[in-house]
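Colleague: Before we start, here is the structure in question, set down as structure tokens.
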Amino acid sequence: MPIEDAITEKGATDEFPKSDDLIKEDYSALKQTLNTIQKENTALKEDNLQITATINELRDTVDELQKTLATTKNDLAAYDERHATILSELNGLKESIMDSNRMYQDNPNPQPPQTALLPDGARDTIASSQRSIPAPSKVLLDENKKKDNRLVELRRITRECMDISDEEAGLRLYKLQKTMIHVVSDLKKYMMSRHEDVTKSWKSIDISTQRVAFEMVEKEASSLGVPLNLCIGYWGARRLISKSWANALRTSKKHVNTGPETREDRPEDDQTRATDVTEASPDTDIHNNHDNNNNNTNTAHDDQDDASSPSSDCRASKRAKTKA
């Protein structure tokens with residue numbers, strides 16, 4: 001039995017011979033494969049670094065493009081605003097020239113205006129009608145307070161040109177904004193008389209109709225002592241009427257099924273305008289509270305007088321009972 005086992009073991013060994021040469025060849029092949037893998041790994045690392053650098057460059061390029069896009073949008077907005085202002089001013093100049101030509105045709109020998117003979121107030125009015133104040137930027141002055149710098153500019157113009165206090169200027173501007181409801185109502189009547197759509201957005205309204213609205217606003221402003229006629233291109237009147245017109249459209253859409261009641265008669269409009277007015281005149285709350293206190297005091301006094309003084313009918317009935 002031991003002899004047979006030895007023979008079997010020897011046969012198994014001869015079946016898979018493994019010489020030193022084969023081992024060396026296998027080692028060389030494995031080494032070459034390992035070197036190839038290492039080279040490929042190094043190449044992949046280099047490619048990865050290049051891709052990462054390219055991605056970073058693309059990211060920087062995208063950031064720059066986004067900044068450029070934002071700047072371009074701001075420039076376009078300013079350009080559109082300036083274009084609208086110039087267009088309005090050109091229309092005004094065109095109408096002025098047409099009026100001058102019409103006056104010249106009606107009067108072949110026109111006499112130049114004798115401004116030297118006019119009173120001081122009239123000369124001041126003529127001088128104030130010259131538009132010289134450009135529209136400010138729409139960028140907010142204070143991101144935290146969200147103040148509309150156009151209203152702030154109107155308040156400054158009113159304070160400096162009319163030589164009044166800042167509080168009085170804010171109060172005048174507040175009163176002017178409150179009258180916009182009447183201007184919107186008058187403008188709607190004017191548009192309906194011309195068969196124009198009163199549900200249009202402000203930008204869709206005809207330029208000649210907008211000019212009429214600007215003149216309505218400036219007429220109200222003149223009566224309240226707000227010098228909107230100094231604004232180049234009607235930018236002050238445009239700010240006030242466009243905002244009020246947008247509020248009117250929103251309120252009309254909310255109450256479209258409530259009946260024939262017009263927007264001008266609804267209390268929501270006063271609340272909306274009061275919110276807008278707060279930006280221009282933060283001091284008006286003091287005046288409102290003072291007026292409310294006075295009204296409450298007067299009401300209380302009236303109630304006491306009514307309670308303390310009996311009516312004439314009551315006094316007559318008491319006298320009749322006494323005689324009986």
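Colleague: Please count how many residues of the stretch 145-170 are among the aliphatic types (A, V, I, L, M) and either touching a Gly at 6+ places or on another chain (Cβ under 6 Å) or within 28 Å of SER252 (Cα to Cα) (or both).
Modeller: Total meeting the criteria: 3.
Quick grid of which residues meet (1) within 19 Å of the chain's Cα centre (by Cα); (2) farther than 18 Å from ARG150 by Cα:
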{"residue": "ILE207", "(1), (2)": "no, yes"}
{"residue": "ARG211", "(1), (2)": "no, yes"}
{"residue": "GLU215", "(1), (2)": "no, yes"}
{"residue": "PRO227", "(1), (2)": "no, no"}
{"residue": "ILE232", "(1), (2)": "no, no"}
{"residue": "SER244", "(1), (2)": "yes, no"}
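Colleague: Which members of the stretch 167-216 meet the condition of being assigned to a helix (DSSP H, G or I), among the hydrophobic types (A, V, I, L, M, F, W, C) and closer than 16 Å to LYS243 by Cβ?
Modeller: LEU173, LEU176, MET180, ILE181, VAL183, VAL184, LEU187, TRP202, ALA213, PHE214, MET216 - these are the residues of the stretch 167-216 that are assigned to a helix (DSSP H, G or I), among the hydrophobic types (A, V, I, L, M, F, W, C) and closer than 16 Å to LYS243 by Cβ.
Colleague: Conditions: (1) surrounded by 15 or more Cβ atoms within 10 Å (Cβ to Cβ); (2) part of a helix (DSSP H, G or I); (3) modelled with pLDDT of 90 or more; (4) of a type in the set (A, V, I, L, M). VAL226 meets all but one. Number of the miss?
Modeller: Of the numbered conditions (1) surrounded by 15 or more Cβ atoms within 10 Å (Cβ to Cβ); (2) part of a helix (DSSP H, G or I); (3) modelled with pLDDT of 90 or more; (4) of a type in the set (A, V, I, L, M), the odd one out for VAL226 is (2).
The values are calculated or read from the model by the stated rules, or taken from the named source; none is laboratory data. Bear in mind the structure is a predicted one, so any value in this text is a computation, not a measurement. We place every Cβ from the backbone using ideal geometry, glycine too, and count neighbours over all the protein chains shown.
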